Structure formats: structure tokens, C-alpha cells
Amino acid sequence: MGTAATNDRYEDALALYNGGDFRAARDLALQGLADEPKDVNLLRLAGRSSAELDLSDATAYLQQAVEVDPENPDAWRDLAEAFLFENRLSEAMGAIQHALELRPEDVAGLIDLGHGALVSGQSDEAVSYFTQAVERDPTSIAARRSLIDVYRATGRLDEALKAAENLLQLEPDDVLATIDAAELNLSLGRAENAALEYSRLTAIDDEPEHEVYAYHGMIQAEMQRGQWRRALDLAIEATRVDRYGRTTDLLAYVVTQVFGKADRPAPSREEIDAALAASQAEHRRLHTDTIGF
């Protein structure tokens, strides 16, 4: 079969793959490989289709692809993803390293290496990879967010806050970075700064039902610095925008701090702290789900 016919078969198989018909794409790629067993594009497509179908031969096809064309960074990236499908982390990181050597400007590769290092417990290496990614592309939101996350995960909260503030300089209306800055300020005992960040969320988070989460954060900040009257005002406002009654117990608790115990027993501080933590986690989840984290 001639080169033109092979290219046509590849294009047809690629169209099937892009359309989500991985079985048909794989079958057509294998038909092409019967005639041209060293065609890199067909090997890559066969491997990627097999990976999508969770078949064990994915890495075999992709390893053949890098053997045929070891200077192809995309083939190495495909192989890395196949290794990840099989939970072969060290081999995946090795393949990404090969891709980066061939394409040093590949910021996504550095980010992947950072996440791989973090999963492997190599936090310093993860920080190094994410830092390099930011240096190579200062506009990369993914790189900057990864740097925040690795600092948080390893308890380096001051550095995490600085990374969040740097991201906010780049993207002032980034809701998730603002949540990061608010939570980190709160964790570091900087209640006034936390209150300001939570207050900003009411302006930049354009989901109306999310307003209650910002109020909960402001209440938590005021509780931290003992401003109970302010916390009461905020709890009343939160109750006004809370469609699901998530602020009722919080309001009852704050009322007892301002006016003393009432006939109706109020929740304990431990229960309130747990409820506020759950509110924070829910707000973060809603936004990480939106960006695919």
C-alpha cells in the first residue's frame, strides 16, 4: 500500500478517535499497521486507542513508536500517559523526561513531572518542577496553581500564601486563588486579611448560591479575632442568602456568644468549626470541579 493510502487510513482512524469511537479507530489503525508496521502515526493512534479502551497492549504500540522515532516528543508524551494508565509512575516520569529533553519549552511536561514527584513523596522535587514551569511561562495558571497546592500539601503555608498572592496579581478575579488566599490567611492567624479576601469573593464569585460560603468565611475570620458583634451581623446576612438553612446553627452559636445562653441549646464550638470547615471544603470543591482539578 502506498504512502498516500496509508495517510488516508490514518486520517480516517484519527477522525474516529476524535469522535470517541476508539474501537473503530484502533481497528483501522491496526489494518494500516499490517501494511506499514513502522508507521509512527498509526502506532501512536493504536496505542492511544488501546489506552482509552483499557487494553494491555497500549504501551507496546507506543514503545514501538518511540523506537521507530525516538526524536518525537509527542510519541514520548503518549507513552507517558499510557504508563500512567497502568500506574507505572516511574516509567511515566522517565518518558516525560525524554519528551522534555526534546521539547524543553513544554510547561505541561514540567507540571506532570511535579505531580508525579509529589505522588512519589518527593515534595522538594515537585516544588522545583513547578517553579521551573512558572519561570518558563509566568502566565501559566496551571503551573502557579500547582505551586500553591504543593506548598499547602507540605505545610509550607507562608510560601503557599505568597504563591496565591502572585497568582492574584496575574488574575485578580480568580475565585479559587482568592479562596486559597482567604483560607491560608485564616490558617496563619491573619484574620483581618482573611476577612478582606472572603469579602472580595462576594464580588467576584458570580454564582449567587455561593455567596453564603463567602459569608461563612467572613464569620469565621471575625470569630477568630473575637469580633462577635460583627460576626452576628454577618450571620444574619448569611441567613438571608442561605436557601438551604446551613447558617441556622451558626447563627444560634453566635447569638449565645453575644447575648449569653438561651433556653434553646446552641451547638458546641467543635460542631461549628466542623460545619465551617465543611462549608469551606464544599466551596473549594465546586470551583475545582469547574476547572477539572
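The values are calculated or read from the model by the stated rules, or taken from the named source; none is laboratory data. Just so we're clear, the structure is a prediction, and the values are computed from it rather than from any experiment. Neighbour counts are summed over all protein chains in view; Cβ atoms, including those assigned to glycine, are modelled from backbone coordinates with ideal geometry.
Here are the criteria: (1) surrounded by 20 or more Cβ atoms within 10 Å (Cβ to Cβ); (2) touching a Ser or Thr at 6+ places or on another chain (Cβ under 7 Å). Tell me which single one Ile96 does not satisfy.
(2)
Can you confirm whether Glu159 is among the acidic types (Asp, Glu) and part of a helix (DSSP H, G or I)? Full working, then the answer.
Working: among the acidic types (Asp, Glu): yes; part of a helix (DSSP H, G or I): yes.
Yes, satisfied.
Identify all residues within the stretch 109-132 that are β-branched (Val, Ile, Thr) and under 16 Å from the mean Cα position of the chain (by Cα); write none if there are none. Walk me through how you get there before you give the answer.
Step one: list which residues in the stretch 109-132 are β-branched (Val, Ile, Thr), which gives 111, 119, 127, 131.
Hits for the stretch 109-132 are Ile111, Val119, Val127.
Somewhere in the stretch 57-73, is a residue within 18 Å of Gly109 (Cβ to Cβ) and among the acidic types (Asp, Glu)? Write out each step before concluding.
In the first step, residues of the stretch 57-73 are kept if they are within 18 Å of Gly109 (Cβ to Cβ); the result is 62, 65-66, 69-73.
With the extra rule that they be among the acidic types (Asp, Glu), the set shrinks to 69, 71.
Yes, because at least one residue in the stretch 57-73 is within 18 Å of Gly109 (Cβ to Cβ) and among the acidic types (Asp, Glu).
For the stretch 221-250, give me the residue count where each residue is in a loop (DSSP other than H, G, I, E, B) and closer than 18 Å to His283 by Cα. Break it down into steps so the answer makes sense when it comes.
Taking the stretch 221-250 and keeping what is in a loop (DSSP other than H, G, I, E, B), we get 225-227, 242-247.
Still in the list and also closer than 18 Å to His283 by Cα: 242-247.
Residues in the stretch 221-250 being in a loop (DSSP other than H, G, I, E, B) and closer than 18 Å to His283 by Cα: 6 in total.
Quick test for you: out of Glu192, Glu183, pick the one residue that is surrounded by 17 or more Cβ atoms within 10 Å (Cβ to Cβ), outside the structural domain of Ser140 (by TED's automatic domain parsing) and in contact (Cβ under 8 Å) with a residue 24 or more places away in the chain. Give the derivation first.
On the way: Glu192 fails: surrounded by 17 or more Cβ atoms within 10 Å (Cβ to Cβ).
Criteria check complete, one pass: Glu183.
Can you tell which of Gly114, Gly121 is out of contact with any Phe, Trp or Tyr (no Cβ under 8 Å at 6 or more places or on another chain), of a type outside the set (A, V, I, L, M, F, W, C) and over 25 Å from Ala13 (Cβ atoms)? Spell out how you get there, then give the answer.
On the way: Gly114 fails: out of contact with any Phe, Trp or Tyr (no Cβ under 8 Å at 6 or more places or on another chain).
None of the other options fit; the residue is Gly121.
Since Tyr61 meets every condition but one in (1) within 24 Å of Gln97 (Cβ to Cβ); (2) surrounded by fewer than 16 Cβ atoms within 10 Å (Cβ to Cβ), which condition does it not meet?
(2)
Residue check: is Arg77 in contact (Cβ under 8 Å) with a residue 12 or more places away in the chain, in a helix (DSSP H, G or I) and more than 19 Å from Arg9 (Cβ to Cβ)? Can you show your working first?
On the way: in contact (Cβ under 8 Å) with a residue 12 or more places away in the chain: yes; in a helix (DSSP H, G or I): yes; more than 19 Å from Arg9 (Cβ to Cβ): yes.
Judged against the criteria, Arg77 is a match.
Sort through Ala92, Ala65 and tell me the only one that's aliphatic (A, V, I, L, M), more than 26 Å from Ala143 (Cα to Cα) and part of a helix (DSSP H, G or I). Full working, then the answer.
On the way: Ala92 fails: more than 26 Å from Ala143 (Cα to Cα).
On inspection, the qualifying residue turns out to be Ala65.
So is Ser128 surrounded by fewer than 17 Cβ atoms within 10 Å (Cβ to Cβ) and closer than 28 Å to Ser187 by Cβ or not?
Values: surrounded by fewer than 17 Cβ atoms within 10 Å (Cβ to Cβ): yes; closer than 28 Å to Ser187 by Cβ: yes.
So Ser128 fits the description; yes.
Does any residue of the stretch 253-262 turn out to be part of a helix (DSSP H, G or I) and touching an Asp or Glu at 6+ places or on another chain (Cβ under 7 Å)?
Of the stretch 253-262, the ones part of a helix (DSSP H, G or I) are 253-259.
Then drop every residue that is not touching an Asp or Glu at 6+ places or on another chain (Cβ under 7 Å), which leaves none.
Among the residues of the stretch 253-262, not one is part of a helix (DSSP H, G or I) and touching an Asp or Glu at 6+ places or on another chain (Cβ under 7 Å), which makes the answer no.
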